[in-house]
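Before any comments, here is the structure.
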Amino acid sequence: MSEQILAGKTCLVTGGGGGLGKVIATKFLEAGGSVVICDVNEERLQETSAELSSKGPFKAIKTDITNKEAVQSLFDEVIREFGKIDVLVNNAGIMDQFDPVGDLDIELWERVMAINLTAPFLLSKLAVKNMLEQEKPDGRIINIVSVAGRAGWASGAAYTASKHGLVGLTKNTAAFYGTKGIKCNALMMGAMQTNVADAFKTGINMEGYQKMNTIFESIKAPYCDLEEVAGFCTSMTYGKGASIINGACIAMDQGWTATVG
């Protein structure tokens, strides 16, 4: 049995229907938290709900996080059922198709930005508001970023820009609310075997993909284990030392960016 560091805490995980989000939600339940997941994929949401609902206080809500009214409705439902929010994990995201700026369609740019950057802003805004309303604010926001948040070769222009932007949002949130009881940090992920690549099953820009893959293969970096990532994410909430970590962008990439620079 995991240490119950999330007992009495309400946690919201976006993109929780599958991949890393599902594993994080599982670890949060094992740590004693009340967990809400949201996802736009109805099938994944139902499958995960059936699997996790017996593990502890749990709710799955279908949500289009690019719609501000839907995000507000999501928070209203979370607060109505659980009374507050303590932990927000901005995990939901999509890849682009490795297009550099000269080849990038505006529609794909706008969609990637809407999901990867604007949605975390909307969610963080509402989370901060509720956290500050609590008698003794002690909230956590964890943004799932990427090596593309510090490098220019790891994806296309849209994804790279969105993840650089999320790093900036992380640091600004940490700087403004760290002394008010809210800690905000980012995990800069390397390659993982998740559903994030669904977006580029077809139409991939081979020049952009080969640039990333050449660097990835050159250091022979293994995939990041989802269980380990989710366990670390759990520790970053209220584990030992978590209260002094704020504004950090922690590389979890098997040394990928450390090797490349």
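Every read-out reported here was derived from the displayed coordinates using simple, explicitly stated rules and does not represent laboratory data. Please read these numbers as outputs of a predicted model, since none were measured by experiment. Here the Cβ is made from the backbone with ideal geometry for all residues, glycine too, and neighbour counts use every protein chain on show.
In this structure, the residue pairs whose Cα-Cα separation is over 29 Å, taken from K125/K211; K62/K125; K62/K84; K183/K220; K68/K211, are K125/K211; K183/K220; K68/K211. Across segment 140-156, rounded Karplus estimates of 3J(HN,Hα) from the backbone phi angles (6.51 cos²θ - 1.76 cosθ + 1.60, θ = phi - 60°) give 9, 10, 10, 9, 8, 9, 4, 4, 5, x, 9, 10, x, 9, 7, 6, x Hz, Gly and Pro being marked x. Where the eigenvalues come from the Cα gyration tensor of segment 10-260, what are the semi-axes √(5λ) of the equivalent ellipsoid, largest first, in whole Å? After scaling each eigenvalue by five and taking roots: 28, 19, 18 Å. Over the chain, dividing the summed -39,500 (n - 2.57) contributions of all DSSP H runs of at least 4 residues by the number of residues returns a 222 nm mean residue ellipticity of -14000 deg cm²/dmol.
Its Cα centre serving as origin, segment 104-226 has a Cβ charge dipole (Lys and Arg +1, Asp and Glu -1) of approximately 420 debye. Rounded to the nearest whole Hz, the Karplus-based 3J(HN,Hα) values (6.51 cos²θ - 1.76 cosθ + 1.60, θ = phi - 60°) of segment 219-232 follow the sequence 9, 6, 6, x, 5, 7, 6, 5, 5, 5, 4, 5, x, 5, with x at glycine and proline. The stretch between I79 and E47 holds 9.1 nm of extra length on full extension. This uses 0.36 nm per residue minus the Cα-Cα distance.
Nearest 0.05, what FRET efficiency do E133 and T259 give at R0 = 35 Å with Cβ-Cβ as r?
On the way: r = 44 Å, r/R0 = 1.27.
The computed FRET efficiency comes out at 0.20.
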